[in-house]
Every structure is written in structure tokens, then in C-alpha cells.
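Everything below concerns the one structure shown next.
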Amino acid sequence: MFQLTSTKSCDLATVVQELERLVEQPGSPVRAIRRLPASEGQFADLPDSVDPRLREALERRAIGRLYLHQAQAFEQIETGKNTVIVTPTASGKTLCYNLPVLNLLLREPEARAMFLFPTKALAEDQLHNFQSIADDLPGQIRAFTYDGDTPQDARKAVRQRANVVFTNPDMLHTGILPHHTRWAKLFESLRFIIIDELHYYRGIYGSHLANILRRLKRICAFYGSNPGFICSSATIANPRELAEALTESAFALVDRNGAPTGEKYFVFYNPPVVNRHLGIRRSYINEAGHLAVELIQRGQQTLVFANNRLATEILITYLRDACLGGPAPDETIRGYRAGYLPRERREIERKLRQGDIRGVVATNALELGIDIGSLDAVVMAGYPGTIASTWQRAGRAGRRQSASAAVLVASSAPLDQFIIEHPEYFFGQSPEHASINADNLEILLAHLKCAAFELPLADGEKFGPHDLGELCRFLEETGFLHHAGSAWHWTSESYPADAVSLRAVTSDNFVVVDITGEPKVIAEVPFPAGLTALHEKAIYLHEARQYHVERFDYKERKAYVKQVQCDYFTEAIDYTQVKVLREFASTQVHGAQRLHGDVRVTRQIVGFKKIKFYTLENVGAGKLFMPEQEMHTTAFWLHFPASFLAQFGDLSPTEKQNGLVGLGNALRSIAALRLMCDPRDLGVALGAPPGTFEPDLYLYDMYPGGVGQSAPLYEMTDALLRDTAELLARCPCGDGCPSCVGPVGEVGERGKQAAQLILAALRGETAMAGAQLQTQGV
């Protein structure tokens, strides 16, 4: 285990010097250290159109000039253009949208603006930032948050008095749009809609937001307003494309950062391999905790990011135990996650700013732009899933232009291993594309119901690009709409917004009922996950406790569980078939074929495995008889003709199949990296027509109707294959492991070697493939 030689308080430069000495050593866990030098700011004068009163208020805050990107954004917005700003964390993006809004409100006191933030905590933090300037201006600029924490008796005052409303997509969806008549003053005078953390809205969540914005624009048109959009985003490959897809409006892009930056050291740390053949590494959670302790004990105020709640609580315990009686007493090590009360979170934020807390362990709740002052170091226990999120977490240190360090500790997951072994990929131009599919039929219909509840749908009206006649007739047949007076009217007694979860395609969830004692509901599980996690005899894990599923009521969507103590968990075994319904595009790839189109996925849970904790041994199995599930979705796939596979004559049919299975696992990890999605958002299946071995390897969208992930994969096939080949080549294991194609016990003998040969041939490297075949003796 890595340990610094210095044992007393020291500056970051000393810590980094000790780490740098390790980089050149064989087998060093420190894979790379990148020094990002401090940079001078680029400034511009305050534009002439800034109100003199606002200019004076800014000067009292020592803001006599703007950063270059702030000035450029202001100019674009003042000319009436929708604008998206893309600059790093702590570069002053907040002023990019606050300045034009405040300027407008001084000029037109009756104007209104709406700010959308992904979390309540961020909305609250940004309100304080906005209000601190507004309070220094003449007149009354009234800004309030409006979310689930807003007291009932205060909500009427917000609706009537607010010039500026700080809210989130969930509240806009359920609490504002359905009650738009109460918000008439807001919608009549709404001039700006600000969407912060734009990159956050991708996949399912982004597809829902696009439809919420369709509803919002429809209601604004009803009240006679036409607001402009201001968006801000972390660095991704397609910010303007994403903004335009979400809002269905044209955008100007501002992406030249003018803010000064402090010196930053970025350390890539890969826990040492303890079993080379199986690719098993030391626990990344233990290693991250140890590194954090080393930094805290040397006087560095440190933030540790974990990727889930359980890891957060484990790391808090580890840090408190390790620092007990040292320079960081127990009360200076704190946790921070969504489950904490708002009062607790505000206290932690305040003490971080003041320096009273020396170490904090957080989930992504602290990733977004909440002001926590100037930290010295950030340690990330596991890759956050996207390059954008990694930079945001790293940017939490050194936010006051001071020197800082960020340490990324990789887990054994393929995504982590690809990033940690390819620092040049991480530090280069962002390869991540955020995708949405606002026209997913299930999502579209859900929001069309909400739109009809809000205002009748007139004949000939469009919802986005869609003619509504056929969709409305379908909703009439299902009892939701009725046609009268040249419009479609809502007739159901239900409240449609309550039935729509913004983080799932369908709200058809399973309820988990604990019957250990008095029956009580302990969780709600999304439908697809429910089939694999809540089948009878499953071990369901909740808050680190184990529950045995006694009865699974599929029809009533309930699972009845009892708390148990056991040394294993369960993993479902499924059987998946994919049938192509329609091909959208097809291209030859060195004797194989790449395609994308509509597919029907038939999936059935047929059994389960019992996996022992820690050792991950398979200690038992069972058969299940679950209903088949059918889903229409979109897919990208590779077709392998017999002529393509014939070049691997020394591989048996079983080894070829093992190679394709392993290739599918690796492709899914790299696809998730490039699409900014979770690997679980993509399904993998291998199929072949009966009686032949001309297999198809599918990467399909795990959501009914798809969320726009197959077309980008089709377009980026070359990069997908290249990065997958790099992942396998850099992995030190022999025959396969969780960090590349999957464990050899699941993929099969020679799965990794076969996958590498198939990949080489797909990339046109047939000579290299032959040489590799000889070298490996396959």
C-alpha cells in the first residue's frame, strides 16, 4: 500500500513530489501525474449596455471587468440569441446568466425569469448568489426557490410576487405547469429560462426534460410570451447540439474560457494487481481512503467522492478511525449525501467554507456548483462515469485559484481501467456525446397527456415536430381524451403528471414490502430491475441489510421480503433474443457489417446464481419460471458472415463464440464512455439465425422505444473499435477479467484472445491478427 515518507504537515508540492518519484518505478500504482499550470485571466470591459446601477453594484463587489467568456455571453444574450456557455468548473458561469437577468429586471421591473437546476441544494445555493447582488440594487427584485421544500403557506406569495423563480425540472413538471393558471403573472412576462448543468440532462432524464420544455413553450405561447434560453454546461463534445435538441431552438455557443486558474496536479492511481491471471486488484475503496488519510494528516483539506451511498458510509468510518487522535479529530470528518437533512447539509457547506471540516466524504451531491470554498485536494473513489463529471469533481479543489490536487483511484471496472491507462484520452478534447430522444413514444405520450391536462390540444396543433391527430385518437380510445369544438380535451379523473417519473420511461415499479415484523414498504424498484432483483429466493440488498424474497407478486407489482443474515447475494440469469424489425442503415466493415435499426427484444429470467460475498464464489443456483418480457427498442449491431469468421480457422466454434461474448462486454463499456451513459443503459446480446453460425452482436437500448443511443454508436464505430482494442491490449490479465472482456469463468476459455483477433480483423489489421494468433499459440 502506498505511503508518503513525510509524516508532518506539508504543502501540496511536497506531496506531489513524493508521488512523482513513484511514477517511474516498475508496477507503480501511480499511472500518471499531469501538472496543469496556472493561467492568467483574459478580461473585457463591462459592456456599455450594462445598467449603471448594476455596474456600481458589481464594482462594490470588486468586479470592475468581466472574464472574456462572460462578456461574450452577455453580448450574445443582449442581441436576443439563445446562448449556451461551456467553460470549466469555477470559471464564473453563474455571472454569465445572472448579469443579463439582473440587467433586464432593472430595465423592466415587471419582467420574469425562471432558473432550472438539477438539484434543490444547487438551486438554494444559486439563489443566495443571485440575491446577494440583487439586494445591493435599487428597487425590489424578488427571487425565491420553489420546490418540494417550499412551505405550503409560502407558495402563494412566490407565485404572486417573484420576479425570479429558482426551481428544478421535477417541480416544473408536477407543481408549476399543471397549475399554470396560478402562475399567470410569471408566464405572461417570462423573458428568460436558464438551464444550468446542461450536460446533466441526457438519456432518459434529458428526453423527459425536452418534452417538459415543449409543454412550457406551449403554455408561454398561450400567455403571449416567447422567452429566450440561457444554458451552461460542463465540457462535452456536443453542447450546442444538446441544447438545441432539448429546446428545439437555435443556439450561439460561447466556449472560450477567460477565467484565471490555479495550478492543479491530476494524479491517476491504479490499485496494484494482487492476482495477475484473474486481474484482481486491491480494493479501490481502501486505497482511496488511505490516500485521503495521508492528505488530511498532512494538513490538506480533502474532499472524497464515492459513487454510491454504501461506499460513502464505509469511507467515513475508515477516515474517522484512521484519524482518531490525530490532527483531524472525529468531528472534522463528515459525510455529505442526499439522505442528509437540508439543515445538516447547509451546516457542512458552511464549515467547509470556514475550514472547520478537514475531510468530507460525498456522493455526487457535492459534484455540482455548490459553494464550499477552497479545498486543497479531491480524491475520487472510482471513475464517476463521465469525463465531464470527473472534471467537475476535480474542480471542487482550488476553486479560489489556489494550488490543488485531484486523485482518481480506479476500480476494476472496464471503464475505470480504460481511463486510468489512457490519460491522454482523458486530457484531450472531450469525446463524450450527450444524447436524448425526445420522440420516444412512451415518453412522448406521457407528456402529451400532461399537455392535454394543462390546455386543450387544438386541431392541427403540433407538439414539437409531431402532428397530433393519430396520437390523440389513440388517447381517446384509451379513455384519456375527448374531441369537441375543434380540440382534444382531457376527460380522465387522473392527474397525469404524478404518473410520470422523469428518470424512467415507465412508472410501472415494484414495491418492496418488509414482512419481518409489521408489514412496511421499504423501497420501490423500477420494473426492469425488479425482475432481476426481486424474484423469489433472491437476496435483496437495502441499506447494507439483506432480505430474502419470500413471495413475488408479478400481477400486483409487489415483493414480500424478510430480513436475514447470509454470506451470499444472488444474480439473475436471463435468456435474451433479439429480432430485427427494421434496418435504418448498413455499411461493410472489413468483411463484416455494421447496422442500426429497430429491434424487438424478448427477455426471460430463467434462473439465478448465489455469489459469496468477498470471494465472489458461485455457491449455488436455482431455476425460475418468470413471464417473458417483450420490448421494442433501437440497437446497433455487428453482423459476422461465415466468410469473415473463416479466417480464424484455428479457433473452434466455441472459442469464436467466447470471443464474441467477451467483445460484447468490452464494447458495452466503451460505448457507455462515449455516450455518457451507465453501462446498464445498454443491453448486449449475441444471436444467430437457426442452423447457421453467422452471428449478430447487438448493443441495444435498455429502454422501450430507445433514447437515441444506437445512431451515435453506428456513426462512431471506428472509434468504438479502436478504443475497445486499446482496452484489451492494456489490460494485464491473461485470459480475461472484470476489467476487460469479463471473468474467464463467464466468457470461456481463450475468450480474450479470440476477442482481440476478431477486433483486429474488424479494424482491417489482418496481418497483425495472424501474427498475434501465432504469438499466442491459439
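The values are calculated or read from the model by the stated rules, or taken from the named source; none is laboratory data. No experiment lies behind these values; they were computed from the predicted model shown. Here the Cβ is made from the backbone with ideal geometry for all residues, glycine too, and neighbour counts use every protein chain on show. Remember, those area values only see protein heavy atoms, side chains included, never the ligands or the DNA or RNA. Shrake-Rupley method; radii C 1.70, N 1.55, O 1.52, S 1.80 Å.
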Enumeration of residues in region 137-160 that are over 16 Å from residue 115 (Cα atoms), in a helix (DSSP H, G or I) and either in contact (Cβ under 8 Å) with a residue 40 or more places away in the chain or not aliphatic (A, V, I, L, M) (or both)
152, 153, 155, 156, 160
Here are 473, 503, 551: which of them is in a helix (DSSP H, G or I), surrounded by fewer than 18 Cβ atoms within 10 Å (Cβ to Cβ) and basic (Lys, Arg)?
473
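Please indicate, with yes or no, whether at least one residue in region 443-456 is outside any loop (DSSP other than H, G, I, E, B), closer than 27 Å to residue 86 by Cβ and in contact (Cβ under 8 Å) with a residue 40 or more places away in the chain.
Taking region 443-456 and keeping what is outside any loop (DSSP other than H, G, I, E, B), we get 443-454.
Checking the rest, the ones that are also closer than 27 Å to residue 86 by Cβ come to 443.
With in contact (Cβ under 8 Å) with a residue 40 or more places away in the chain added as a condition, the list becomes 443.
The answer is yes; a qualifying residue exists.
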Here are 749, 726: which of them is modelled with pLDDT of 85 or more and surrounded by fewer than 24 Cβ atoms within 10 Å (Cβ to Cβ)?
726
Residue 320 - would you say it is more than 22 Å from residue 390 (Cβ to Cβ), assigned to a helix (DSSP H, G or I) and modelled with pLDDT under 80?
no
In region 692-723, residues that are open to solvent by less than 50 Å² (accessible area, probe 1.4 Å), out of contact with any Lys or Arg (no Cβ under 7 Å at 6 or more places or on another chain) and of a type in the set (Ser, Thr, Tyr) total 3
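The rows are residues; the columns are (1) touching a residue at least 60 places away in the same chain (Cβ under 8 Å); (2) closer than 28 Å to residue 621 by Cβ.
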position	(1), (2)
485	no, no
554	yes, yes
566	no, yes
574	no, yes
Starting from residues that are open to solvent by 30 Å² or more (accessible area, probe 1.4 Å), in contact (Cβ under 8 Å) with a residue 12 or more places away in the chain and in a helix (DSSP H, G or I), keep the ones in region 37-67 and report whichever is nearest to residue 257 (Cα to Cα).
60
Can you tell which of 403, 377, 397 is in contact with a helix residue (DSSP H, G or I) (Cβ under 7 Å, 6 or more places away or on another chain), in contact (Cβ under 8 Å) with a residue 40 or more places away in the chain and either crowded, with 19+ Cβ neighbours inside 10 Å or acidic (Asp, Glu) (or both)?
377
Of all residues in region 635-691 being touching a helix residue (DSSP H, G or I) at 6+ places or on another chain (Cβ under 6 Å) and among the small types (Gly, Ala, Ser), which is surrounded by the most Cβ atoms within 10 Å (Cβ to Cβ)?
662
Report, ordered by the first and then the second residue, all pairs with beta carbons closer than 7 Å, sequence separation of six or more or different chains, a first member in region 230-244 that is over 15 Å from residue 256 (Cα atoms), and a second member that is in a strand (DSSP E or B) and of a type in the set (Ser, Thr, Tyr).
230/83
State all residues of region 276-323 that are touching a strand residue (DSSP E or B) at 6+ places or on another chain (Cβ under 6 Å), more than 22 Å from residue 364 (Cβ to Cβ) and aliphatic (A, V, I, L, M); if no residue qualifies, say none.
280
Within region 517-528, which residues are free of Cβ contacts under 8 Å to residues at least 60 places away in the same chain and surrounded by 14 or more Cβ atoms within 10 Å (Cβ to Cβ)?
522, 523, 525, 526, 527
Flag for residue 438 being closer than 27 Å to residue 386 by Cα and either open to solvent by less than 50 Å² (accessible area, probe 1.4 Å) or without any contact (Cβ under 8 Å) to a residue 40 or more places away in the chain (or both)
yes
So, in region 419-435, how many residues would count as being open to solvent by 20 Å² or more (accessible area, probe 1.4 Å) and hydrophobic (A, V, I, L, M, F, W, C)?
1
Failed item, numbered, when residue 537 is tested on (1) closer than 30 Å to residue 645 by Cα; (2) touching a strand residue (DSSP E or B) at 6+ places or on another chain (Cβ under 9 Å):
(1)
Flag if residue 367 is at pLDDT below 85, touching a helix residue (DSSP H, G or I) at 6+ places or on another chain (Cβ under 6 Å) and acidic (Asp, Glu):
yes
Only one of 202, 240 is open to solvent by 10 Å² or more (accessible area, probe 1.4 Å) and at pLDDT below 95; which?
202
So residue 97 clears everything in (1) surrounded by fewer than 24 Cβ atoms within 10 Å (Cβ to Cβ); (2) hydroxyl-bearing (Ser, Thr, Tyr); (3) within 21 Å of residue 137 (Cβ to Cβ) except one condition, right? Which one?
(1)
How many residues, within region 701-755, are under 30 Å from residue 526 (Cβ atoms) and not polar (S, T, N, Q)?
26
(1) among the acidic types (Asp, Glu); (2) within 29 Å of residue 432 (Cα to Cα); (3) in contact with a helix residue (DSSP H, G or I) (Cβ under 7 Å, 6 or more places away or on another chain) all hold for residue 197 apart from (3)
Restricting region 262-306 to residues that are crowded, with 19+ Cβ neighbours inside 10 Å and of a type in the set (S, T, N, Q), the residue that is modelled with the lowest pLDDT
297
Name every residue in region 674-709 that is without any contact (Cβ under 8 Å) to a residue 40 or more places away in the chain and under 26 Å from the mean Cα position of the chain (by Cα), in order of residue number.
680, 682, 684
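Quick check on residue 595: is it open to solvent by 70 Å² or more (accessible area, probe 1.4 Å), in a strand (DSSP E or B), in contact (Cβ under 8 Å) with a residue 24 or more places away in the chain and within 18 Å of residue 710 (Cβ to Cβ)? Spell out how you get there, then give the answer.
On the way: open to solvent by 70 Å² or more (accessible area, probe 1.4 Å): no; in a strand (DSSP E or B): yes; in contact (Cβ under 8 Å) with a residue 24 or more places away in the chain: yes; within 18 Å of residue 710 (Cβ to Cβ): yes.
Considered against the rule, which asks whether it is open to solvent by 70 Å² or more (accessible area, probe 1.4 Å), in a strand (DSSP E or B), in contact (Cβ under 8 Å) with a residue 24 or more places away in the chain and within 18 Å of residue 710 (Cβ to Cβ), residue 595 comes out as no.
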Hey, any hits in region 441-453 for a residue that's charged (D, E, K, R) and modelled with pLDDT under 95?
yes
Within region 163-199, considering residues that are closer than 23 Å to residue 238 by Cβ and not in a helix (DSSP H, G or I), the one modelled with the lowest pLDDT:
197
